[in-house]
Amino acid sequence: MIIKTAIFQGSSTNVTQKPKLRAPEYAFIGRSNVGKSSLINMLCGRKDLAKTSSMPGKTILVNHFLINGKWYLVDLPGYGFAKASKKAQATLKAMIEDYVSHSEELARLFILIDSRHELQEIDRSFITAVAGAGIPFTVILTKCDKLSKAALDRSMEYMTEAIGAIHPGVSIIPASSEKRTGREEILDEIEADLKSAKTTAEDKR
């Protein structure tokens, strides 16, 4: 897939505030400081589409970007930002749950996990909830350029087993915003989803 246009369509705190144009949504989420904004910018070929920061918790709203006028890339707030107040954490948690549970256009979640660490309990809980709700999802291992090939192989093997124990057969894509790896695989998965949805819609006519 070639991304020709990526246009910011607005921020929201709940699904009633989403852009009026309805289109398939592909949402990206992960723990704070997992490299989500950098990955989104890499996917879209832009340096400043999603705001990056060395400080975790930069994204505090649900942000919609219209891609090629056909689908939305949705930037969700990060979860597990321990330095935020309990009130702020509760607000972000409610915002994420509202979107994931009630967005009728959500086609797939991309759950980002730092390839350098084992699966954290907060990631495990989120994946379990998403799988239980029947929401299609893909796991992206970020910051893979920080690992040697052998270490990355071990991380992939570990994550395949750990995540497979929760939901077998989940696609896991290693990625690096610095090296631009994983980009084609992620966009190919979105393109395949869009084509499948189009075929299903045409079959129902």
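Derivation of every value follows stated rules applied to the coordinates shown; laboratory data play no part. All values reported here derive from a predicted model rather than from experimental measurement. We place every Cβ from the backbone using ideal geometry, glycine too, and count neighbours over all the protein chains shown.
Does the range 134-184 come out rounded, prolate or oblate, given a ≥ b ≥ c as the square roots of the eigenvalues of its C-alpha gyration tensor, rounded meaning a/c under 1.5 and, failing that, prolate meaning a/b above b/c?
Judged from the Cα gyration tensor, the range 134-184 comes out oblate (a/c at least 1.5, b/c at or above a/b).
On the first, second and third principal axes, largest extent first, how far apart are the outermost C-alpha atoms of the range 98-205 in Å?
50, 28, 23
Find the centroid of the Cα atoms in the range 22-53 and in the range 100-177, then give the distance between the two in whole Å.
Between the Cα centre of the range 22-53 and that of the range 100-177, the gap is 16 Å.
How far is it, in nm, from the label point at THR5 to the one at HIS102 when both lie 7 Å from their Cα along the line to the Cβ?
Rounded to a tenth, the inter-label distance reads 3.0 nm.
Which of ALA107, ALA165, ALA50 moves most in a GNM of the chain, Cα contacts under 10 Å?
Among ALA107, ALA165, ALA50, the largest mean-square fluctuation in the Gaussian network model of the chain belongs to ALA165.
For GLU97, GLU189, which order do you get if you count the other beta carbons within 10 Å of each Cβ and list the fewest first? Write out the running numbers ahead of the final one.
Values: GLU97 11, GLU189 18.
Neighbour counts put them in this order, fewest first: GLU97, GLU189.
Can you divide the C-alpha Rg of the range 97-145 by 2.2 N^0.38 Å and report the result to two decimal places? Before the final figure, lay out the partial values.
Numbers: Rg = 11.8 Å, N = 49, 2.2 N^0.38 = 9.7 Å.
Compactness ratio reported: 1.22.
Among 191-197, 9-15, 123-129, what's the highest-first ranking by average C-beta atoms within 10 angstrom per residue?
On the way: 191-197: 13.4, 9-15: 15.4, 123-129: 17.3.
Highest mean packing first, the order is 123-129, 9-15, 191-197.
I want to verify a result. In a Gaussian network model of the chain, Cα cutoff 10 Å, which of these has the top mean-square fluctuation: LEU39, LEU152, LEU73?
Fluctuation is largest for LEU152.
Return LYS20, LYS143, LYS93 ranked ascending by Cβ neighbour count within 10 Å, so the fewest neighbours appear first.
On the way: LYS20 6, LYS143 21, LYS93 13.
Listed from fewest to most nearby Cβ atoms, that is LYS20, LYS93, LYS143.
Cα-Cα over 26 Å: which of LYS36/LYS86; LYS149/LYS195; LYS86/LYS146?
LYS149/LYS195; LYS86/LYS146
Per-residue HN-Hα couplings for the range 118-124, Karplus 6.51 cos²θ - 1.76 cosθ + 1.60 at θ = phi - 60°, whole Hz, x for Gly and Pro?
Result, rounded to whole Hz: 6, 5, 7, 4, 5, 5, 4.
Using a 10 Å cut-off around each Cβ, can you sort THR142, THR160 from fewest to most neighbouring Cβ atoms?
Least to most surrounded, the residues fall as THR160, THR142.
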